[in-house]
1. Taking the Cα atoms only, what angle lies between the long axis of helix 11-26 and the longest principal axis of the chain, rounded to 10 degrees?
2. Where both partners of a DSSP beta bridge lie in the chain, what percent of those bridges are antiparallel, to the nearest 5?
3. Carbon and sulfur atoms: what percent of the 1.4 Å accessible area of the range 5-72 do they account for?
4. Taking all protein chains together and a probe of 1.4 Å, list Phe9, Phe32, Phe16, Phe58 from the most accessible to the least accessible.
5. Report the FRET efficiency, 1/(1 + (r/R0)^6), for Thr127 and Val79, where r is their Cβ-Cβ distance and R0 is 25 Å, rounded to 0.05.
6. Rounded if a/c is under 1.5, else prolate if a/b is larger than b/c, else oblate: which is the range 27-67, with a ≥ b ≥ c the root eigenvalues of its Cα gyration tensor?
7. Between helix 128-142 and the chain, what is the angle of the helix's C-alpha long axis to the longest principal axis, kept within 0 to 90° and rounded to the nearest 10?
8. Take the Cα pairs of the chain, get the Kirkwood Rh, then feed it into Stokes-Einstein at 37 °C and 0.692 mPa s and tell me D in µm²/s.
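The values are calculated or read from the model by the stated rules, or taken from the named source; none is laboratory data. All values derive from a computational prediction rather than experimental measurement. So basically every Cβ, Gly included, is an ideal-geometry build from the backbone, and we count neighbours across all protein chains shown. To get the accessible areas, we keep the full protein, side chains included, count just its heavy atoms, and leave off ligands, DNA and RNA. Shrake-Rupley method; radii C 1.70, N 1.55, O 1.52, S 1.80 Å.
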Amino acid sequence: MIYLAGPMFSQAELAFNRRLADTLEAAGARVFLPQRDGCSLAKLLEEMTPQEASRKIFALDTEMVQRAAAFLIILDGRVPDEGACVALGFAGAKGVPCYGLATDPRTAKDGAFNPMIAGSIQRVFRTVEEAVDFFRRFQGAQT
């Protein structure tokens, strides 16, 4: 299973994440997409305090990162999403192979990411197609 991490706030981010997950799944990969498969903060806040909701989300997401065969972080934007970066660090610390997708030319100045991000990632893909092709082969190697 691929844990797909990235920003999940704007309609554009949510739609991109869903399309990427759908494309990976159409290529044969299993994907955990937190916005789809995880906890909804808004729904949790109807039943519990913000602190309880945060703990529940953190517990589920870290559990799923540990179960993942690979971790893919969307690096687009001026800076990568903070929550996705925390999950990246956790994945790297747990020995999960980590990869990045950076389709936005603003993402990295002169092609360099923060050393803590770059040091966690084995490979950065520059197109969705490149990532999907890699994970199609990756999934085949996992079976």
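1. 60
2. Bridges in the chain are about 5 percent antiparallel.
3. On the way: 2160 of 4000 Å².
In the range 5-72, the share of accessible area belonging to carbon and sulfur is 54 percent.
4. The ranking, largest first, comes out as Phe9, Phe58, Phe16, Phe32.
5. Result of the calculation: an efficiency of 0.75.
6. oblate
7. Long axis of 128-142 versus the principal axis of the chain: about 90 degrees.
8. In µm²/s, the coefficient rounds to 213.
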